[in-house]
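What follows is a single structure, written as structure tokens, with notes after it.
Derivation of every value follows stated rules applied to the coordinates shown; laboratory data play no part. Predicted model only: the values in this text are computed from it and were never measured. Neighbour counts are summed over all protein chains in view; Cβ atoms, including those assigned to glycine, are modelled from backbone coordinates with ideal geometry.
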Amino acid sequence: MTEANESDAGLVARNVARIERVQQTLRDLKKKWASIDVHMESADGDVQLSVNHQGRLLTLSLAPGCTSRYTNEALEQVISTTLRAAVQDAYGERAEIEKNAEEAALQAAQLLDDLP
């Protein structure tokens, strides 16, 4: 193998490694985003629920007897308040991941811009 071919092979290997790092970063960010699962409990513990990164309700559990302890309006309020808090936390986690994703995208763009 000639010196030029070896130089080209090294360049290709470095560029492939850069692209693989970018791809791994993107896979890691997707995993982090998908892993958001916020669990929340009402102040009195009668309502427990969880939401995903989009704020979609995944689970909802009511303590035994709470449907008889609350009026329908009061129970709705407890559920809504708990759900609102969970969604807010999920969006906060998502925002943090997106902030990190923006930084990773800038780094990835820089890596790719440096490709000859």
Rank 102, 41, 73 by mean-square fluctuation in a GNM of the chain with C-alpha springs under 10 angstrom and give only the top-ranked residue. 73
13 Å beta-carbon shell around residue 56, net charge (K/R +1, D/E -1): 0
Can you give me the angle between helix 3-34 and the longest principal axis of the chain, using Cα atoms only, in degrees from 0 to 90, rounded to the nearest 10? 0
How tilted is helix 72-113 with respect to the longest principal axis of the chain? Cα atoms for both, answer in degrees (0 to 90, nearest 10). 10
Over the Cα atoms of the chain, how large are the radius of gyration and the largest Cα-Cα distance (Dmax), in Å? 23.9, 84
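Which length gain, in nm to one decimal place, applies between residue 11 and residue 59 when the Cα-Cα distance is subtracted from 0.36 nm times their residue separation? Walk me through the intermediate numbers first.
Working: separation 48, 0.36 × 48 = 17.28 nm, distance 5.10 nm.
Length difference between fully extended and current span is 12.2 nm.
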If each DSSP helix of 4+ residues adds -39,500 (n - 2.57) and the sum is divided by the residues in the chain, what number results at 222 nm, nearest 500 deg cm²/dmol? -24000 deg cm²/dmol
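Per 0.36 nm of contour for each residue apart, how much would the distance between residue 69 and residue 96 grow if the chain were fully extended, relative to their Cα-Cα spacing?
Numbers: separation 27, 0.36 × 27 = 9.72 nm, distance 3.85 nm.
Contour length minus Cα-Cα distance gives 5.9 nm.
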